[in-house]
Amino acid sequence: MITNNKAFCVHGHFYQPPREDPLTGEIPVEPGAAPYRNWNERINAQCYQPNAQLGNFEHISFNIGPTLLDWMARYDPETLQLIIAQEQRTREKYGVGNGMAQAYHHTILPLASLPDKFTQVRWGIANFIHYFGHKPQGMWLPETAVDEETLSVLARCGIEFTILAPWQADTDNLDPSQPYRVELADGNSINVFFYNQDLSTRISFDPGATVNADRFIQESLLPKFQNQNGRAAEPQLVMTASDGELYGHHQPFRDKFLAYLVDHGVKQYPLNRTFPALWLRLHPVQQKIKIRQRTSWSCFHGVTRWMDACGCTPNGHWKFALRQALDQLGDAVNEQYLKIVSGYLPDPWELRHRYIHVILGEMTVQDFLSSQLTQPISSAEQHTIHLLLKAQFERQRIFTSCGWFFDDFDRIEPRNNVAYAAQAVWLTEKATGADLFPLAMSVLSEVRSPRSGLRADEVFLRHWQRASRFWKDDAAK
């Protein structure tokens, strides 16, 4: 029940870079995560599990990356069910949920083509529905990377709001205590919430600020509410946003800090706890705003971090070559997909968008193709289309943002992106006979680690050979 005009919201963005072996889907033993077998297990034990047990997912706004949800469903379904139940209780209580969807593969959407934007958004929505049982009203954009086309895709897919950093607003006079409506060129619109930069920075990077929740509320949170010029009488929302993993993993015991902040803090201070969907239900958006194109929350150089060297990663010149190489390979894989699938239906991209229901195990590929194609096809044709759809799945994984985030190529994240490319190329060749191997070796040879000298074409070749053996052995079983 809203009893005053001071509301606050904590948003947690929960996500892990995919560490699974690209072929087997298993995470190898990671010694640095000891005493756990890998980092997913360690972070789960330190963050996701205790926050779920404390009931924190019922009291915050949150998104969980689809690939992380899939991992939890397989390795810790009990914790996942706690999270789902808490989101459901919130929805039953208020009529709207506090969970947000996320674009599926953590792709930097402003750097993606329009069909890829739609695939990532629709796959993210379908993944959310699969686990939480209802459509999401909001979607978290990976790295909050945004442009108008991305917002248009969200709106066209039924998404009502997203959350951005304050510097992504195209104004010098932003009031982050209010959401805004962005009018889009295609006639649609979408609502945008802006988090409080100072509070979010303190939570993320100043452990001393979150030692005591009472002191945090008194000294940091309450002063953010504006009282001048009669503003105290107007509804104000102060939102923080950060990686969810800091609550217990990056910063020990902050899961308990969060529990006190979002539960006891509401009872002890003149504050209302809220979340974006609830705020929109009670407070219609009054103001319009434009956004700054191709910006993000973790790179002050826009989206350069995921395409070239910038001040965030000054040794990242290899990123430009990797982006160019994977764009070319992605286009070549698409060309073969369109050449074949266009002969069966007028919109091959729609088939790819809906393929998520096979990925999620909601349909068999046989039932899926039967439901999508207007004419019967042979088992050989079905096999070919399935291989091409599997290649498209690998192609989507190629652009996982983690492959460009850090300052060196010789890490698991960019090496995995190249491995996904090898799998996409291999599957495409098996489906169509098109030999994209020479192109891959040529364009990837320009990508070199500044630290170890490892080249991307070497990674591609090793994984290509491994995939050939793996899938040959698998087919022989």
Check: Ordered by residue, what ³J(HN,Hα) values in Hz, to whole numbers, does the range 235-248 give under the Karplus form 6.51 cos²θ - 1.76 cosθ + 1.60, where θ = phi - 60° and Gly and Pro are x?
Finding: x, 10, 10, 9, 10, 10, 9, 7, 4, x, 5, 5, 7, x
Next item on the list: Please give the direction-averaged projected area of the C-alpha convex hull for the range 6-288, in square nanometres with one decimal.
Entry: 15.2
Margin query: To the nearest 20 Debye, how big is the dipole of the range 375-477 about its Cα centre, given +1 on the beta carbon of each Lys and Arg and -1 on that of each Asp and Glu?
Written below: 240
Margin query: Show me, for the range 164-171, the HN-Hα J-couplings you get by feeding each phi into the Karplus relation (A = 6.51, B = -1.76, C = 1.60, θ = phi - 60°), rounded to Hz, glycine and proline as x.
Written below: 10, 6, x, 6, 8, 7, 8, 7
Check: Straight-line reach from LYS472: which lysines have a Cα under 23 Å away, not including same-chain ones fewer than 8 places off?
Finding: LYS390, LYS430
Notebook entry, point to check: Over the range 6-288, what is the relative contact order in whole percent, taking alpha-carbon pairs under 8 Å and six or more residues apart?
Noted result: 26
Checklist line | Order of SER113, SER442, SER61 under a 10 Å beta carbon neighbour criterion, fewest first | finding: SER442, SER113, SER61
Notebook entry, point to check: Rounded if a/c is under 1.5, else prolate if a/b is larger than b/c, else oblate: which is the range 358-444, with a ≥ b ≥ c the root eigenvalues of its Cα gyration tensor?
Noted result: oblate
Checklist line | In nm, spacing of pseudo-spin labels at PHE437 and ASP243 (7 Å Cα→C-beta vector) | finding: 3.9
Item checked: Projected area, mean over directions - the range 315-476, Cα convex hull, nm² -> 9.7
Checklist line | Cα-based reach from LYS6 at 18 Å (exclusive), listing lysines while leaving out same-chain residues under 8 positions away | finding: LYS224, LYS267
Next item on the list: Would you mind putting 415-426, 320-331 in packing order, based on average other-beta-carbon counts within 10 Å, highest first?
Entry: 415-426, 320-331
Item checked: Stretch gain in nm, segment THR24-GLU362, where the contour uses 0.36 nm per residue and the Cα spacing is subtracted -> 119.6 nm
Next item on the list: Could you please rank LYS290, LYS256, placing first whichever residue has the fewest other Cβ atoms within 10 Å of its Cβ?
Entry: LYS290, LYS256
Checklist line | Potential lengthening between ASN315 and ASP331 on full extension [0.36 nm per residue; Cα-Cα distance subtracted] | finding: 3.0 nm
Check: For labels at SER378 and ASP206 in the simple 7 Å Cα→Cβ model, what's the distance in nm?
Finding: 7.0
Next item on the list: Evaluate the relative contact order of the chain (contact order divided by residue number), counting alpha-carbon pairs under 8 angstrom at least 6 apart; express in whole percent.
Entry: 18
Notebook entry, point to check: So, counting K/R as plus one and D/E as minus one, what does the shell of residues with Cβ under 12 Å around VAL121 add up to?
Noted result: +1
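Any read-out appearing in this document is the output of simple, stated calculations on the displayed coordinates, not a laboratory observation. None of the values given here were measured: they were computed from a predicted structure. In this analysis, Cβ positions are derived from the backbone assuming ideal geometry, glycine residues included, and neighbour counts consider all displayed protein chains.
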